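Here, each number is a calculation from the coordinates, and none is a lab measurement. Note that the structure is a prediction, hence the values are computed from the model and not measured. Note: ideal-geometry Cβ built from the backbone for every residue, glycine included; neighbour counts use all protein chains shown.
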């Protein structure tokens, strides 16, 4: 067991997150998402799992070690509800709170149409499947950089 590491972050997930570079993307998805088939097309090539946990809790775990990209407008995205792009289901509102808490600032989730989300997910570094039973618990996060304490600030 490692100190100060969320216990949901198993060795495979930690390895994938550490191996990602600035600008690489990670998908966190619900139990209905075609995680296995999409993950086969990602850089990692296979699905990573956080079974038995909801998407917002998985978001908290991942963002406890993964900095979001500050050089892009939308480092966090959500799958939009089919037929109602402005709808924010409870699972997405809960994930939004986890994102804002992790970043210490507001980082609004960008909306991505369902099929565009699938295509973008195929280009991701990896897919982490959760046990989230609620629909639309699917998110994409773009990795940023963690600067040394004496490095110049990011925007």
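Cα convex hull, the stretch 7-59: 87 Å³ per residue, rounded to a whole number.
With only the Cα atoms considered, the stretch 1-135 has a convex hull volume of 104 Å³ per residue. Of the residues 85, 61, 121, the one that moves most in a GNM of the chain with alpha-carbon contacts below 10 Å is 85.
Considering helices alone, the calculated mean residue ellipticity of the chain at 222 nm is -8500 deg cm²/dmol, with DSSP H runs of length four and up weighted by -39500 (n - 2.57) and normalised per residue.
From least to most packed, judged by other beta carbons within 10 angstrom and beginning with the fewest, 57, 97, 134 follow the order 97, 134, 57. Ordering of 2-11, 122-131 by packing is 122-131, 2-11, highest average first (other Cβ atoms within 10 Å, averaged per residue).
A Gaussian network model of the chain, with springs between Cα atoms under 10 Å, assigns the largest mean-square fluctuation among 33, 139, 115 to 115. Here the stretch 62-141 is treated as an ellipsoid with the same Cα gyration tensor; its semi-axes, largest first and in whole Å, are 18, 15, 13. Using alpha carbons only, the radius of gyration of the stretch 28-94 set against its Kirkwood radius gives Rg/Rh = 0.96.
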